Amino acid sequence: MKKKLVWIVVSFLFLAAFVVFTFLVKEDVFNVIDFDITVRLQDNLPVRFDSFLSSFSLVGSFEILGGLIFFIALLRKKILSFFVFIPFIGAHVFEIIGKAFVHHPGPPFMFFRYNLGFLFPSSYVQTGSSYPSGHSLRTVFISVIFFYLIMKSKLKNPSKVFLIGLLIIFNGVMLVSRVSLGEHWTSDVVGGALLGASAAFFSFLFL
């Protein structure tokens, strides 16, 4: 019971951080920082990496990561594990509310560098606002869950360290790609990450 209470408190703290950060974004506090980081990233990341980074747009889609969460719940063979979709869907409801509440247009088209010829249907849903980033939300959500499962597993410590290292690299590339491809501002990515972490810690109640 104490452990569950800890998960709830941590989840609430991340949610509170998301709410505070959202109000700061709404007040345009990060506009200059967002622009500067985007310009610097695009100046320092050669165009030849765009195809590789664009693939992360597909990996981070609702269809792919939602399917992965379903697969995890299926492997655990416990009905309660499927309840992990409650915080997952709930986080997306907050995402939609955030995009309706905060008028925060994404980067201009001149920054857009996604260059693959395919998009999942969820990518065509546009609200006119880019805050928070759904890709960041989903990536952090699934990564925190994987971190939890790795730490609870019977794997030896070197294997755990290796897998956690891969998770960190995956998150780093995914979050950087959102900005370098001109799909989101840095503030969108931070907001999505906070929301994803909040939902992930709440999902521990069902894992």
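The values are calculated or read from the model by the stated rules, or taken from the named source; none is laboratory data. Given the structure is predicted, the values throughout are model-derived calculations rather than measurements. Backbone-built Cβ (ideal geometry, glycine too); neighbour counts: all protein chains shown.
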With respect to S187, determine if the residue is touching a Phe, Trp or Tyr at 6+ places or on another chain (Cβ under 9 Å), crowded, with 22+ Cβ neighbours inside 10 Å, in a helix (DSSP H, G or I) and at pLDDT 95 or above. yes
Taking first residues from segment 179-203 that are within 14 Å of S129 (Cα to Cα) and second residues anywhere that are β-branched (V, I, T), the pairs with Cβ under 6 Å that are 6 or more apart or on different chains are T186/I37; T186/V179; S187/V25
Within segment 166-197, the count of residues that are in contact with a Leu (Cβ under 8 Å, 6 or more places away or on another chain), of a type in the set (A, V, I, L, M) and over 22 Å from G66 (Cβ atoms) comes to 2
From the option list V6, V20, V32, single residue qualifying as part of a helix (DSSP H, G or I), more than 29 Å from L205 (Cβ to Cβ) and not aromatic (F, W, Y) is V32
Residue hits (segment 158-178; surrounded by fewer than 24 Cβ atoms within 10 Å (Cβ to Cβ) and closer than 15 Å to L58 by Cα) are F170, N171, V173, M174, L175, V176
Picking from R113, R48, R40, the residue that is assigned to a loop (DSSP other than H, G, I, E, B), farther than 19 Å from N171 by Cα and among the charged types (D, E, K, R) would be R113
Residue count, segment 54-96, condition part of a loop (DSSP other than H, G, I, E, B) and either crowded, with 18+ Cβ neighbours inside 10 Å or in contact with a His (Cβ under 8 Å, 6 or more places away or on another chain) (or both), comes to 2
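Listed here are the residues, each with its yes/no results for (1) farther than 17 Å from P107 by Cα; (2) not hydroxyl-bearing (S, T, Y).
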site	(1), (2)
N157	yes, yes
V161	yes, yes
I168	yes, yes
V176	no, yes
S180	no, no
G196	yes, yes
A200	yes, yes
Considering only segment 72-84, I want to know if a residue exists there that is closer than 18 Å to L195 by Cα and without any contact (Cβ under 8 Å) to a residue 40 or more places away in the chain.
no
Any residue at all in segment 165-176 that is within 30 Å of I96 (Cα to Cα) and not hydrophobic (A, V, I, L, M, F, W, C)?
yes
Inset, instruction - Could you please let me know if D34 is surrounded by 15 or more Cβ atoms within 10 Å (Cβ to Cβ) and either in contact with a His (Cβ under 6 Å, 6 or more places away or on another chain) or not hydroxyl-bearing (S, T, Y) (or both)? - result: yes
From the option list L149, L155, single residue qualifying as among the hydrophobic types (A, V, I, L, M, F, W, C), surrounded by 12 or more Cβ atoms within 10 Å (Cβ to Cβ) and in a helix (DSSP H, G or I) is L149
